[in-house]
Amino acid sequence: MACFGYQGITRSDSKVAIIESILDEFEGEYEQLVSDFFDELEEYYLRDSVFQLFTVDEINKMIAEEKAYMIISHKGM
């Protein structure tokens, strides 16, 4: 998962599949699962030294883009 935000999730061959496989482990409404997943991921991003290159606003933007992409692409299925 080396690329982040909308550009990263749309260019990655495996990122969506990895996230989907994680979400498949849980029961519940898809949108809520996605929201919970990205809320948790945000905490990891904020603690990860790699992400110290980014501001909190930039991290939040990347999370929002990825979360929206997952929800919108799932509705198209």
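The values are calculated or read from the model by the stated rules, or taken from the named source; none is laboratory data. Every value quoted in this text rests on a predicted model; they were computed, and no experiment measured them. Just so you know, the surface numbers come from the protein's heavy atoms only, side chains and all, with ligands and any DNA or RNA stripped out. Shrake-Rupley method; radii C 1.70, N 1.55, O 1.52, S 1.80 Å.
Details
- Extension reserve of the Ile72-Phe54 stretch, reckoned as 0.36 nm per residue once the Cα distance is removed: 3.9 nm
- For Lys75, the lysines whose Cα comes closer than 17 Å to its Cα, not counting residues fewer than 8 places off in the same chain, are Lys67.
- In the chain, the longest principal axis of the Cα atoms and the axis of helix 30-47 are about 20 degrees apart.
- Normalised contact order of the chain, rounded percent, pairs of Cα under 8 Å and 6 or more residues apart: 41
- Degrees, to the nearest 10: 56-75 long Cα axis against longest axis of the chain: 10
- As a fraction of the 1.4 Å probe accessible area of the chain, surface on carbon and sulfur atoms comes out at 53 percent.
- Stokes-Einstein D for the chain, Kirkwood Rh over Cα pairs, 10 °C, 1.306 mPa s (µm²/s): 124
- On a per residue basis, the chain carries 69 Å² of accessible surface, using protein heavy atoms and a 1.4 Å probe.
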